Amino acid sequence: MSVSFRTSCRQDSLLVGGTVFLALRELWFARSRFGMMGGVVALIAVLMVLLSGLSSGLVNDGVSGLRKLPVTAFAFADGTKLDGAFSRSVVGADQVDAWRGRPDVAAAEPFGNLLVNAHSGSGVPIDLALFGVNPGSFLAPPARFGAPLGPADGLVVSSTALDAGLRVGDTVTIDRLGTRLTVIGATAEQRTFGHVDVAYVPLPTWRLIHAGARADNEVRPEALNEATAVAIKARNGASLDLAAGDAAAGTTSVTLAESFGASPGYTAETSTLTLIQVFLYAISALVVGAFFTVWTIHRKHELAVLRAMGASRSYLLRDGLTQALIILVTASAVGVLAGLGVGALVGGGAPFTLEAPSVFLAGVLLIALGLVGAASAIIRIAAVDPLAALGGQR
């Protein structure tokens with residue numbers, strides 16, 4: 001009995017040790033079939049990389065201006081709905097002061113946000129997202145080109161506005177109002193809001209534009225103290241008590257990440273792209289699962305022979321998963337590299353940004369879900385009857 005036990009253990013260990021060998025052998029002899037399967041997975045990986053780049057690009061184009069703000073939270077007028085908060089909210093100086101007095105707040109500043117149509121000195125139409133901030137405050141942007149924000153008629157624009165044709169020193173005229181502003185500087189990176197280039201302007205000037213002031217009319221006095229929201233920066237190591245702050249200031253506050261939903265089209269765009277990605281992941285799992293279902297049925301006789309020789313069910317499962325893993329990793333790597341190459345050719349007119357974490361996550365999810373699909377198909381190995389290989393009848 002001991003000899004039989006040792007022989008059985010040795011046989012099982014030899015089978016287990018040959019898992020990779022058997023998997024590679026079948027991959028080589030059925031290379032055309034596995035090659036077609038790998039090609040499909042690679043194409044899915046290309047699509048995932050391109051969708052990842054498009055998703056990241058749309059997010060950057062929609063909220064990069066907000067992302068670059070050193071803000072912990074925004075406080076809007078009480079009862080303002082998030083989907084249109086930056087266009088509907090109006091807060092006063094007393095609400096800003098109420099937030100400044102909070103013990104967990106390091107700084108609180110009035111923040112203005114307004115989408116305007118304008119044209120340059122050469123008559124080129126320009127859409128701008130005017131961010132009204134106090135020069136010298138923590139909201140004021142660093143200028144890589146030109147001068148920092150300061151003069152009442154000065155603008156510091158996004159670097160993408162320079163790519164669109166604006167230059168430091170150009171004059172920008174706000175349509176309908178005739179307000180003339182001068183581009184005095186530009187940021188080092190893209191800053192956009194709602195797919196529109198951001199232009200920082202001193203808060204007093206923003207208030208005049210927001211109130212629709214022309215050179216020949218007066219502005220209601222309360223408009224000179226208004227802003228869109230209170231920009232709040234938490235103290236180092238402190239957690240903002242937004243509910244208590246709202247109760248004291250009469251506002252409705254959200255974190256910086258939550259405020260992205262107030263950017264025009266942000267929620268709809270991200271939801272649509274996420275849904276497309278989910279369907280692609282599901283398709284990849286179904287495609288891989290269907291392939292291995294057919295492959296497992298095709299090799300059912302060989303698997304039965306292995307079972308009759310003493311191979312355990314776990315061994316056969318490892319064999320199938322090893323094949324799936326090799327195909328998925330190889331094809332995903334090829335597809336990701338091809339996707340990166342195609343993405344590099346995408347022109348600057350499309351909101352497309354390739355970010356390493358997003359691409360890596362897409363590749364990992366594709367492999368993981370493919371393995372899930374393969375495992376669901378290969379699990380039928382456990383039902384293989386060894387007698388089928390020997391022609392046995394029950």
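Table: residues versus (1) in contact with a Leu (Cβ under 8 Å, 6 or more places away or on another chain); (2) assigned to a helix (DSSP H, G or I); (3) open to solvent by less than 70 Å² (accessible area, probe 1.4 Å); (4) over 15 Å from Ala42 (Cβ atoms).
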position: Glu302; (1), (2), (3), (4): no, yes, no, yes
position: Val336; (1), (2), (3), (4): no, yes, yes, no
position: Gly339; (1), (2), (3), (4): yes, yes, yes, no
position: Thr353; (1), (2), (3), (4): no, no, yes, yes
position: Ser358; (1), (2), (3), (4): no, yes, yes, yes
Original post:
Hey, among Leu139, Leu166, which residue is closer than 21 Å to Leu256 by Cβ and among the aliphatic types (A, V, I, L, M)?
Top reply: Leu139
**OP:** Identify the residue in region 51-92 that is of a type in the set (Ser, Thr, Tyr) and over 30 Å from Val336 (Cβ atoms) and, among all such residues, is surrounded by the fewest Cβ atoms within 10 Å (Cβ to Cβ).
**Re:** Ser87
**OP:** Output the qualifying pairs, or none if there are none: Cβ atoms under 9 angstrom, residues six or more apart or on different chains, first residue in region 29-56 and within 13 Å of Leu366 (Cβ to Cβ), second residue open to solvent by less than 10 Å² (accessible area, probe 1.4 Å) and β-branched (Val, Ile, Thr).
**Re:** Val40/Val288; Val41/Val288
Original post:
How many residues, within region 78-96, are within 19 Å of Ala140 (Cα to Cα) and of a type outside the set (A, V, I, L, M, F, W, C)?
Top reply: 0
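Return the residues of region 311-334 that are outside any helix (DSSP H, G or I) and surrounded by 19 or more Cβ atoms within 10 Å (Cβ to Cβ); say none if nothing qualifies.
The one that is outside any helix (DSSP H, G or I) and surrounded by 19 or more Cβ atoms within 10 Å (Cβ to Cβ): Ala311.
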Subject >> region 273-300 residues that are free of Cβ contacts under 8 Å to residues at least 60 places away in the same chain and buried (at least 19 other Cβ atoms within 10 Å of the Cβ), paired with ones that are in a helix (DSSP H, G or I) and charged (D, E, K, R) (beta carbon under 9 Å, 6 or more apart) >> reply: none
Original post:
Checking Val124 against (1) hydrophobic (A, V, I, L, M, F, W, C); (2) at pLDDT below 90; (3) farther than 19 Å from Val198 by Cα, which single condition isn't satisfied?
Top reply: (3)
Subject >> Test: Asn236 is open to solvent by 70 Å² or more (accessible area, probe 1.4 Å) and closer than 18 Å to Val105 by Cα >> reply: yes
**OP:** Could you pull out every one of the strands (runs of 3 or more DSSP E) wholly within region 194-269 that has 3 or more residues that are closer than 28 Å to Ser52 by Cα?
**Re:** 196-202
Original post:
In this structure, does Phe86 turn out to be assigned to a strand (DSSP E or B) and within 16 Å of Ile232 (Cα to Cα)?
Top reply: no
**OP:** Please list, ordered by first then second residue, the pairs with beta carbon atoms under 9 Å, 6 or more apart or interchain, first in region 191-215 and without any contact (Cβ under 8 Å) to a residue 60 or more places away in the chain and open to solvent by less than 20 Å² (accessible area, probe 1.4 Å), second among the polar types (S, T, N, Q) and assigned to a loop (DSSP other than H, G, I, E, B).
**Re:** Ala213/Thr179
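The values are calculated or read from the model by the stated rules, or taken from the named source; none is laboratory data. Computed from a predicted model, the values in this text were never measured in an experiment. Neighbour counts are summed over all protein chains in view; Cβ atoms, including those assigned to glycine, are modelled from backbone coordinates with ideal geometry. For the accessible areas, the whole protein counts, side chains as well, though only heavy atoms, and no ligand, DNA or RNA atoms are used. Shrake-Rupley method; radii C 1.70, N 1.55, O 1.52, S 1.80 Å.
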